[in-house]
Each structure stands twice: as structure tokens, then as C-alpha cells.
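Rule-based calculations on the coordinates, nothing more; no lab input. Keep in mind the model is a prediction, meaning the values are calculated, not measured. Counting neighbours? That spans all protein chains shown, and the Cβs are built from the backbone with ideal geometry, glycine included.
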Amino acid sequence: MTQPEELYPEPVIGFLEMLWGRGWLSPGGPDELARLLEGEDLRGKHVLDIGCGAGGIDCLLVSEYGAARITGIDVEASVLEAARTRIREAGISEHVELMQVEPGPLPFAADEFDVVFSKDAIVHIPGKHELGRDVFRVLKPGGRFVASDWLMSHDGEPSPDMQAYLASEDLDFGMASPRLYADALEQAGFVDVALTNRNAWYRDQARRELALLQGELHDAAIAELGYEIVDHNIQTWGLMIKVLETGEHCPHHVRGRKP
Ligand SMILES: C[S@@+](CC[C@H](N)C(=O)[O-])C[C@H]1O[C@@H](n2cnc3c(N)ncnc32)[C@H](O)[C@@H]1O
């Protein structure tokens, strides 16, 4: 059987970690994680991390936030391999189980998790309503859904600038609007649904990332990853900043509670 091409092979992991930190395939680092988890209590909890990537966040969920057990799922073997190494290095392997899953329904029984967490991964999952129902199913009553994700300000045809950005990213992004997200969670049965627009923060952060790519990190990134990858990403960041500036690309924090 031929495997689908990985979107996050080793060189992409290397590039993103150079920019965002070891084990991180999304922006913001520990500070942004702290903002996402403000008011949440993970101590002693069993957390499902959808799209755990290279595992940097799972290390912090255990070491800084006191989660008792993390089940990290991802569709790609390379990121899980990287995660295994990061988690072993952090000395928290007994708290974390990693699973490679197929895209589709979550392979868990009802009421298994205290918290379902995800950072910047649900953008890869097209059916937000199906996912909302499935997350609701696997959460225990009283359980929390806490996610950060990359949204688009509307559900219509992406603007030409957005299309240029998406083509340059070349990821299987299925961006949805805040309205659609909220509807997916409310229809699934979640209460206290809350969305927080992180556009202004990421717009400024992305400008800093581009400056790093063009300056401080430039030569080291080329030495590690080659000119082509770095140059392509500089172009992609330029296109992304355009749609962050118009507000069409609008990362959000998304929360809900299963009654
Ligand atoms: C932008 S990365 C974020 C990784 C990690 N959450 C972080 O913030 O560092 C998105 C991750 O979602 C994973 N992914 C894509 N589709 C998925 C799916 N259907 N189920 C679970 N993970 C998925 C990708 O393989 C990738 O590791």
C-alpha cells in the first residue's frame, strides 16, 4: 500500500523547530500556551491532544500543568517519532502515550477524557461538525475542550490573497469561520462556547518570525535546510502576513464544556 505523502517530513519539522522551538510545530511557545490554558486546571487529568505533532506541548502539559496522562494522536509517523524523542528527553514517557491514527472518527470509547486539547491541528480536519460531535462523545461529563486553531474570517471563497497564501503553504488546510466553529460545538451539545480572536497577536508575531528568517536565523537555516526551503518559507510568510493584516486569516482560541 502506498503511504500518503507526509506534510511534516523531517526537514519541515527541522525548519519549524528552528523558528518555534524544539518540539513545537506551531507558533507562540510557552507564553501562548499559558494564554490558551488560562483558567484551565489540568492537574491529575487525562488529556487527549489531537494533532500532537513533535510533542513539545505534551512535555509542558505534564511538567508545567500537572496533567497525569496524555494521549497524543497524530496522523504522521515522522512527527510521532520526533515526539517520542522529545518526550523521552523530558523524562515523562510514563505519562504520555502516542498513537498514529487515520483521519476520521476518534478511535476512543465514550467518556474517556477529562480534557480534549489541540493546538493548530484541527485546521487539517475538514468536518468541524463531525469532529465537534466526536470530541463531545469522548469527553467525560463536565469535560473541557480547549483548542487553538487557524480560522478564516468567513466561509466563502478565499480571497485571491488567501488563495495565494494557501497555495504557497501547500498544506491540506480546511479553514472555517468562527461562526461555523461555534455552531459545530453548540450543535454537538457544548455549553460555555467561547472563541477569542488571536489575529492581532499572530500578525505581530508573524512579522517577527519573518524578520528572524530574513536576519538572525537566515544563514543557520540555509546551512541546516538548504536555500530552497528557506526561500520558499520567506515567500510563504510574506503571503501569510498579508492575510493576517486584512484579518481574513484569524487564529482563535476555542473553548467549550460538556455539561
Ligand atoms: C501545525 S502542526 C501542530 C502540532 C502541535 N499541536 C504543535 O502545536 O506543535 C499540525 C499537526 O496536526 C497533525 N494532523 C493533521 N491531520 C490530523 C488528523 N486528522 N488527526 C490528528 N492529527 C492530524 C499533523 O500531522 C501535524 O502534526
As an exercise, identify the trypsin sites (Lys or Arg not before Pro) in segment 82-126 lying in DSSP coil whose Cβ has no more than 10 other Cβ atoms within 10 Å.
none
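Pairs of alpha-carbon atoms within less than 8 angstrom and 6+ residues apart define the contacts here; what relative contact order does segment 92-206 have, in percent? It would help to have the intermediate numbers written out before the result.
Working: 125 pairs, mean separation 32.9, N = 115.
Here the relative contact order equals 29 percent.
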How much FRET efficiency would the formula 1/(1 + (r/R0)^6) give for residue 133 and residue 97, where r is the Cβ-Cβ distance and R0 is 25 Å, rounded to 0.05?
0.55
Nothing charged except the Cβ atoms of Lys and Arg (+1) and of Asp and Glu (-1): what's the magnitude of the dipole of segment 139-194 about its Cα centre? Round to the nearest 20 debye.
380
Karplus ³J(HN,Hα) for segment 106-114 (6.51 cos²θ - 1.76 cosθ + 1.60, θ = phi - 60°; Hz, whole; x = Gly/Pro) runs 5, x, 9, 6, 5, 6, 8, 10, 7
Among 208, 22, what is the fewest-to-most ranking by other Cβ atoms within 10 Å?
208, 22
Relative contact order of the chain, please, whole-number percent, based on alpha carbon pairs below 8 angstrom and at least 6 residues apart.
19
Below 8 Å, C-alpha to C-alpha, sequence gap of six or more: please give me the relative contact order for segment 31-150 in percent.
27
Measuring from the lowest to the highest alpha carbon on each principal axis, how far does segment 123-259 reach, largest first, in angstroms?
52, 30, 24
Segment 75-135, convex hull of Cα, quarter of hull surface, nm² -> 4.9
Tally the DSSP beta bridges in the chain and give the antiparallel ones as a percent, rounded to 5.
40
If I model a spin label at residue 172 and residue 216 as a point 7 Å from the Cα along the Cα→Cβ vector, what separation in nanometres do I get?
3.5
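If you take the beta carbon distance between residue 7 and residue 38 as r and set R0 to 30 Å, what does 1/(1 + (r/R0)^6) give as a FRET efficiency, to the nearest 0.05? The partial results should precede the final answer.
On the way: r = 30 Å, r/R0 = 1.00.
FRET efficiency, residue 7 to residue 38: 0.50.
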Between residue 207 and residue 89, with labels modelled 7 Å along Cα→Cβ, what's the label distance in nm to one decimal, could you check?
3.2
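Cα-based Rg of the chain per 2.2 N^0.38 Å, rounded to two decimals?
0.97
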The farthest towards the positive end of the charge dipole of the chain, of the residues 125, 232, 217, given +1 on Cβ of Lys and Arg and -1 on Cβ of Asp and Glu, is 125
